[in-house]
Structure formats: structure tokens, C-alpha cells
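Report on the following structure.
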Amino acid sequence: MNLKGRHLLNSTDFSINELFSLIELAEDIATYPEKYMDICKGKIMASLFYEPSTRTRLSFDAAMKRLGGTVIGFSDPDISSHSKGESVKDTVHTVECYADIVVMRHPEPFVPHRASNKLTIPLINAGDGAHQHPTQTLADIFTIYMYKKRLSDLKIGFCGDLKYGRTVHSLIKTMDRYSNNSFVCISPDNLKYPQEILKDIQSPVKEINELETCMEDLDVLYMTRIQKERFPNIEEYEKHKGCYILTKEKMKFAKKDTIVMHPLPRVDEIHESVDEDPRAVYFKQAKAGMYMRMALIVSLLGLDTPRENKIQKKKEQEVGIC
Ligand code: NCD
């Protein structure tokens, strides 16, 4: 895999092989974290968050620090020169002078894409409005792989706000690239997946309103929050708030090995009593996200990993170089 110097803007930017190499690297990092603890020594990550975040920002922070690197940036644009009227483009080109890699979240779609133009260091999109959230997809596919040992032949239910939820926009596009998957999209009529996303999906898609009726044959149930901040007005949000609540009782409809995922934060769409069910994997998913972000940082910086050294050595031995 050579991802050195690349940006990650959309969930389909990397090939299937590159995604699999990232999963393998994340697995290695999770198993042998001590081998990677100094790999980013001397490297700086700039973290530019123009929109609130807990997991994504903290997991990037933790990822860089666990690799021995340091982090600069802001989590509140009001304390940056943004509040003085500086453009995102100027901020990014300034940050380029100080950092080796930049992570950006912005409330407007495509701002990270534009900011990456002519940038000489890798830029990672950590969420652009209701558009995309590619690193959440990395966390999601690693989690699915950990539990299912495959990314194909799966029936996946996406439930909740499929209109504004960027995590489900990114994930369906990625899962559509693997063979023999099918999707059940569970949402109120007003919060269905946008047509411009569904029109490109090749796998079978079923759109329904009710959660309980489809639970019995799902391999993965991906719950999402109703995205309050993206509604045109609060009345519209109030109409949909609480429309799906997964409870312990409803979990009885699910298969023994269905996994329940959620990018978090949750509001009320998964009752806390579900947390103790071994099929509820959302906190494991948050942890998987940190390891995938570690793998991503190492790869975009083009650092030599202990794993690759080992593979290279093995190859050399096989062809008799050593
Ligand atoms: C998601 C996001 O920001 O899109 N959270 C996350 O990054 N894990 C989901 C959400 O906010 O509902």
C-alpha cells in the first residue's frame, strides 16, 4: 500500500486493497501498540475543527499521541483567526508551514475538498456538513470486519436520519463496493437517503419505515441520531425526534449474531439497557476508530511500519536476497 502524501476526502478515495491494508495495519497496531509508540516522533498533526466533535477529534488526538507525535489546532473556530474573518484556505496554507498532516471538520459540504487544493501535506476530511465522513467509515468497516470476518455477503440495516447523516452516506457507498451485500434503509419518508446517493448503489436496496419488521435477518444494524443541527427549523426536527428507539425488548427480534453499531453521539435512539447486550458494539467501534486513524496517519505520512519491514524481509528471504 502506498498512501504517502494522499488526501482522504471521500469514503471511496481508496481502493479495496488499500482499505484492506489499512485494516491489517490497524489490527497490528491494536495488537502490538508498543511497536508503534514512537513512529510519529517529531511529526505534528494540525486539527482544525470548525464544528463540534467529541469522538472524531479526541480519537485523532489520541491516535497521534499514541504514535509519539504532537497535535496543534483548535476545536472552537471562534478562538482562531476565523473569528477575524480569515478564510479556511488561508488558515490551511498557514498550517501547512507548521504541520505534517491536517485533519479538518467543517459544517459546510466540500470545504475540506477545496482546502486540499494545492496543499502539499495530506488533508483528512473529518466530516463536511451532511456530505461525507470517510474516517468514520474506516472505523465502521474495521468494526464490521472484526466481528464478521468479512465485508461482503452482509445484510445491513441503516436506521434513522439517512437524509442528513454523513456517516451513513459514506458507509453505504463503501459497502456497495463489496460483493453480495444488500441494504435495508429504515427511515421516516422525509428522512430517506438522498436519491443522488441511492441512484449509484448497485447492491439491492429496500426502503422501509419500520424497524422491528426487518430486524430478524440483519447482520448489521447501523443506528443513527436525528441530525438536529441540519434541519431547516426546529419544528421539522421535533416532528422526527424519537422516531426510532432501539430497546432491550426490540433486540429480541434480532439474530444471535447481529451487531448493533452507532457512530455516536446517541440521543435517545438506543436505550441504555441495550448497552449490556454483547451484540451492541458501538463503544468498541469508537475504539476501532482510534486504531484505524492511527493506521491512516502512519500511511498518509508514508512512515515505515514495523509490519511492512517484516513483510519486506520475508519477501527478500523468499527471493533469496538475505
Ligand atoms: C457523527 C458525525 O459527526 O457525523 N459522529 C461522529 O463523528 N462519530 C455522527 C453524528 O453526529 O450523529
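Just so you know, all these numbers are worked out from the coordinates, no wet-lab data involved. Here the structure is a predicted model, which is why all the values come from computation and not from measurement. Glycine also receives a Cβ, built like all others from the backbone with ideal geometry; neighbour counts cover every protein chain displayed.
The residue list 109, 126, 152 was ranked by how far each Cα lies along the charge dipole of the range 43-193 toward its positive end, using unit charges on Cβ atoms, and 152 comes out on top.
Mean Kyte-Doolittle hydropathy of 0.5 or higher plus an axial Cα length of 24 Å or more: which whole DSSP H helices in the chain meet both?
For the chain, where a helix must reach 24 Å along its axis and average at least 0.5, the hits are 282-300.
As a proxy for reagent exposure, ranking 120, 70, 224, 12 by other Cβ atoms within 10 Å from fewest up yields 120, 70, 12, 224.
Spread over its residues, the convex hull of the C-alpha atoms of the range 152-218 is 73 Å³ per residue. Estimated from helices alone, the mean residue ellipticity of the chain at 222 nm is -10500 deg cm²/dmol (sum of -39500 (n - 2.57) over DSSP H runs with n ≥ 4, per residue). The radius of gyration of the Cα set in the chain, together with its Dmax, comes out at 20.0, 70 angstrom. Working value for the range 101-177: equivalent-ellipsoid semi-axes of 26, 15, 9 Å, each the square root of 5 times a Cα gyration tensor eigenvalue, largest first. On the principal axes of its alpha carbon atoms, the range 77-210 extends 48, 34, 23 Å, with the longest extent given first.
A P(r) calculated from all alpha carbon pairs of the range 1-127, with 10 Å bins opening at zero, reads 12, 42, 36, 9, 1 percent. Remark: the range 153-279 carries a charge dipole of roughly 280 debye about the Cα centre, counting +1 on each Lys and Arg Cβ and -1 on each Asp and Glu Cβ.
Ordering 235, 96 by the number of other Cβ atoms within 10 Å of each residue's own Cβ, fewest first, gives 235, 96.
Hey, how many Å between the Cα centroid of the range 215-281 and the Cα centroid of the range 18-48? Cα centroid to Cα centroid, the span is 30 Å. Ordered by the number of other Cβ atoms lying within 10 Å of each residue's own Cβ, fewest first, 168, 205 fall into the sequence 205, 168. Express the Stokes-Einstein translational diffusion coefficient of the range 241-291 in µm² s⁻¹, to the nearest whole number, given a Kirkwood radius over alpha-carbon pairs, 20 °C and a viscosity of 1.002 mPa s. Rounded to a whole number, D works out at 186 µm²/s.
The length gained by stretching the chain between residue 216 and residue 236 to full extension, at 0.36 nm per residue less their Cα-Cα distance, is 4.1 nm. If both residues of a DSSP beta bridge must be in the chain, then about 5% of such bridges are antiparallel.
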